[in-house]
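*Asks:* So that we are looking at the same thing, I have put the structure below in structure tokens.
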């Protein structure tokens, strides 16, 4: 018996460049926006003039600290089309909640014998 499944556009997607596994990104198809995830214990980052003034916020997951930087910002321009109108800070908070949930899932599903390539 075949199941009928509705395909929905995800609110957020995790993205990573294969050559550079230090940095990960959260992309939102709903807001056409990209968030850089900077793990503060792994990397020291100097942002250029363009990125220095971008919206950003610091978050904590256990003892880990992450800086999220909204590097491609279309939140205000696209809000209301596929998702509600929200502020940039609310967007970063939602992206963080999604990423923290991913980290919890990863922590619960990782094999004790191996190390994850994603975290």
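The values are calculated or read from the model by the stated rules, or taken from the named source; none is laboratory data. What you are looking at is a predicted structure, and each value in this text was computed from that prediction instead of being measured. Note that each Cβ is placed from the backbone with ideal geometry, even for glycine, and that neighbours are counted across all protein chains shown.
*Asks:* Quick check on region 16-37. Is at least one of its residues loosely packed, with under 10 Cβ neighbours inside 10 Å and either modelled with pLDDT of 90 or more or over 17 Å from residue 67 (Cβ atoms) (or both)? Outline the logic, then answer.
*Replies:* First, the residues of region 16-37 that are loosely packed, with under 10 Cβ neighbours inside 10 Å: 18-20.
Retained after the next criterion (residues that are either modelled with pLDDT of 90 or more or over 17 Å from residue 67 (Cβ atoms) (or both)): 18-19.
Yes, some residue in region 16-37 is loosely packed, with under 10 Cβ neighbours inside 10 Å and either modelled with pLDDT of 90 or more or over 17 Å from residue 67 (Cβ atoms) (or both).
*Asks:* In region 23-73, how many are assigned to a strand (DSSP E or B) and in contact with a strand residue (DSSP E or B) (Cβ under 8 Å, 6 or more places away or on another chain)? Walk me through it before giving the result.
*Replies:* So the first thing to find is which residues in region 23-73 are assigned to a strand (DSSP E or B), and the list is 23-28, 33-39, 56-61, 64-72.
Imposing the further condition that a residue be in contact with a strand residue (DSSP E or B) (Cβ under 8 Å, 6 or more places away or on another chain) reduces the set to 23-28, 33-39, 56-60, 64-72.
So the answer is 27.
*Asks:* Considering only residues that are touching a residue at least 12 places away in the same chain (Cβ under 8 Å) and exposed (fewer than 15 other Cβ atoms within 10 Å of the Cβ), which ones fall in region 62-73?
*Replies:* Taking region 62-73 and keeping what is touching a residue at least 12 places away in the same chain (Cβ under 8 Å), we get 64-73.
Scanning region 62-73 gives 64, 65.
*Asks:* Now, a different point. Within the set of pairs 6+ apart or on separate chains, which have a first residue in region 31-43 that is more than 20 Å from residue 72 (Cα to Cα), a second that is loosely packed, with under 15 Cβ neighbours inside 10 Å and modelled with pLDDT under 90, and C-beta atoms under 8 Å apart?
*Replies:* Listed pairs, sorted by first residue: 42/22; 43/22.
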